[in-house]
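**Student:** For reference, the structure I am asking about is given below.
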Amino acid sequence: MVEFEFDIRDLFPQEIIRVQPHLLRPQILSALLKDQNPKAAPPTPGYKLSRIIDEMGQLSAVAQGLRTAVTTAEKVVDNMTNHVIYLMADSESGRWAVTGLLKVGTKDLFLFDEKGECRRADQTPAILDFYIHESRQRRGLGKAIFDKMLADQGWSPCKCSVDRPSPKLLGFLGKHFGLVRTIPQGNRFVLYEGFFDDVPPEG
Ligand code: ACO
């Protein structure tokens, strides 16, 4: 898990939180990150959340072998209207530490259905970045934060597109949600059978 030099307890009234984007407003974010000296003044929630998102985004990128992070506080600010970040923390080690990050959003996509016909799908639920710290993987934490996100967004797993899933995420989705059979796409998103059920064909 990931510890910080500041206390994170106040950010986590429960173990999983949805980040309130207004705390990361663009006009304050750059000033916070550049100028705030944590020793001089108590760090604000916005500063703490930005640091946590940057750190977890970086660890996620390393875990996936990516050269640049998919998730940074700055990118969250730029996509504030359609990206949502969930963070997970606990005090299992005796001190509150961050254990996971999940970023989701909606995308307007052109997708192939089971018959290979191209369809436009606006506002498609998308899993964009997902990371549980190596010291805590395979203990059900990923399932807990994913379930919280599904309930919060009102999404069902088979209606989610997944942006370039890693082998671990493919295993996770198969194990917990029975998502195994994919519908081939021409882009980097993976869709599972059931995605187009109940969606009337165009025309
Ligand atoms: N190897 C293979 N499968 C794994 C591994 C692993 N090392 N770790 C987790 N899984 C899959 C397996 O199906 C596992 O079930 P099993 O232990 O019975 O085999 C299941 O996930 C475990 O479920 P949880 O404990 O609920 O999940 P976890 O807390 O481990 O979180 C996650 C899953 C987020 C994928 C985690 O493994 C992780 O952070 N991996 C590294 C980063 C990553 O690959 N993220 C996804 C990138 S793609 C994207 O975000 C769109």
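**Student:** Please work out how much length the chain gains when fully extended from Gln153 to Arg120, using 0.36 nm per residue of separation minus the C-alpha to C-alpha distance, in nm with one decimal.
**Tutor:** 9.7 nm
**Student:** Given 0.36 nm per residue, what is the gain on full extension from Asp198 to Phe112 after removing their alpha carbon distance, in nm?
**Tutor:** Full extension from Asp198 to Phe112 adds 29.4 nm.
**Student:** Now for a different question. Which value at 222 nm does the chain reach when only helices count, each DSSP H run of 4 or more adding -39,500 (n - 2.57), with the total divided by all residues and rounded to the nearest 500 deg cm²/dmol?
**Tutor:** -9000 deg cm²/dmol
**Student:** Compute the relative contact order of the chain as a whole-number percentage, counting only Cα pairs closer than 8 Å that sit 6 or more residues apart in sequence.
**Tutor:** That works out to 17 percent.
**Student:** Using Cα centres only, tell me the gap between region 56-92 and region 112-169 in whole Å.
**Tutor:** A separation of 15 Å, based on Cα centres.
**Student:** Here's a follow-up. About its Cα centre, how strong a charge dipole does the chain have in debye, to the nearest 20, once Lys and Arg get +1 and Asp and Glu get -1 at the Cβ? Don't skip to the end; give the middle numbers.
**Tutor:** Details: 26 positive and 26 negative charges, 77 e Å.
The calculated dipole for the chain is roughly 380 debye.
**Student:** Could you look at the chain and say what percent of its accessible area is carbon and sulfur, using a 1.4 Å probe and all protein chains?
**Tutor:** Working: 5550 of 10860 Å².
Carbon with sulfur: 51 percent of the solvent-accessible area.
**Student:** Something else: Given a 1.4 Å probe, how much area per residue of the chain is accessible, in Å²?
**Tutor:** Here the residues of the chain average 53 Å² of exposed surface.
**Student:** Sticking with this structure for a sec: Under a crude label model (7 Å from the Cα following the beta-carbon direction), how far is Phe6 from Arg188 in nanometres?
**Tutor:** A separation of 3.1 nm, rounded to one decimal place.
**Student:** Related question: Just name one of Gly174, His133, Ala89: the one whose Cα is farthest towards the positive end of the charge dipole of the chain (beta-carbon charges, Lys/Arg +1, Asp/Glu -1).
**Tutor:** Working it through, the farthest residue towards the positive pole turns out to be His133.
**Student:** Please determine, in degrees from 0 to 90 and to the nearest 10, the orientation of helix 167-177 with respect to the longest principal axis defined by the Cα atoms of the chain, where the helix direction is its Cα long axis.
**Tutor:** Around 70 degrees separate the two axes.
**Student:** Write down, largest first, the equivalent ellipsoid semi-axes of region 9-192 in whole Å, where each equals the square root of 5 times an eigenvalue of the alpha-carbon gyration tensor.
**Tutor:** With the √(5λ) rule applied to region 9-192, the semi-axes are 30, 19, 14 Å.
**Student:** Moving to a separate point now. Note the count of lysine pairs whose C-alpha atoms are less than 22 angstrom apart in the chain, limited to pairs 8 or more residues apart or on different chains.
**Tutor:** The result is 24.
**Student:** A further question follows. Rank Asp129, Asp54, Asp198 by accessible area, highest first, at a 1.4 Å probe radius? Kindly include the intermediate steps, with their values, before the conclusion.
**Tutor:** Working: Asp129 5, Asp54 55, Asp198 150 Å².
Order by accessible area, largest first: Asp198, Asp54, Asp129.
The values are calculated or read from the model by the stated rules, or taken from the named source; none is laboratory data. These figures come from a predicted structure and were not determined experimentally. Cβ atoms come from the backbone with ideal geometry, glycine included; neighbour counts cover every protein chain shown. Surface accessibility is based on the protein's heavy atoms, side chains included, excluding ligands, DNA and RNA. Shrake-Rupley method; radii C 1.70, N 1.55, O 1.52, S 1.80 Å.
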